[in-house]
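As structure tokens, the structure follows; a few thoughts come after it.
The values are calculated or read from the model by the stated rules, or taken from the named source; none is laboratory data. Fair warning: this is a prediction, and the values are worked out from it, not measured in the lab. Reconstructed Cβ throughout: ideal geometry from the backbone, glycine too, with neighbour counts over all protein chains shown. What goes into the accessible areas is simple: the full protein's heavy atoms, side chains included, and nothing from ligands, DNA or RNA. Shrake-Rupley method; radii C 1.70, N 1.55, O 1.52, S 1.80 Å.
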Amino acid sequence: MKRAIYPGSFDPLTLGHMDIIERSASIVDELVIGVLNNSAKNSLFSIEERVSMIKEMTAQIPNVTVASFRGLLVDYMKEINATIIIRGLRAVTDFEYELQIAQTNHVESPNVETIFLTTSLQYSYLSSTIVKEFASYGGDISKFVPKQLMDRIYTKYNITK
Ligand code: PNS
């Protein structure tokens, strides 16, 4: 059985993430969405909020589970018996960083493979950072994030829509 992890900060979950989740869930047996619990990183949403939003948005996908992790990804993967890392590639600008991480993880844990999915064209510009920037000025984020999460994002910036 192939268990994969889709790791990330998901601060917040975007439609680009949802696209990668849906597509990768259809090619592996089990997909764990691993939300990085990094206390050093200033995040908009708490780890509990991020995990709960992703759980809500993926409840209909039977082979997807959501969990948070701390520390090295490869260590967490040993703990949960996962051997595949899923990452989305948007543009060539992602490539250098992603290649470096994938190679480091493979050297650390030779049984771990990273599979890159190219982001669907309509989400190739999208990132959580862009969503936060746009939302903070009251911009329309309906094309960027699941509709059910919009209010929660605006609320963080004291914006009522
Ligand atoms: O969504 P992000 O922030 O681009 O995700 C980055 C993530 C979480 C995949 C990466 O930072 C990560 O795996 N962090 C855990 C620590 C680790 O294992 N780093 C990679 C080895 S250099």
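Filtering Ser68, Ser46, Ser9 for residues that are out of contact with any Leu (no Cβ under 8 Å at 6 or more places or on another chain), among the polar types (S, T, N, Q) and open to solvent by 20 Å² or more (accessible area, probe 1.4 Å) leaves a single hit, Ser46. Scan region 104-128 for residues that are open to solvent by 40 Å² or more (accessible area, probe 1.4 Å), more than 17 Å from Ala25 (Cβ to Cβ) and of a type outside the set (D, E, K, R) and the total you get is 9. Evaluate the following for Leu126: is it touching a Ser or Thr at 6+ places or on another chain (Cβ under 7 Å) and either within 12 Å of the ligand (Cβ to nearest atom) or closer than 17 Å to Asp19 by Cβ (or both)? When the stated conditions are applied, Leu126 passes them.
With the requirement that a residue be within 16 Å of the ligand (Cβ to nearest atom) and basic (Lys, Arg), what does region 42-71 give you? Selection gives Arg50, Arg70.
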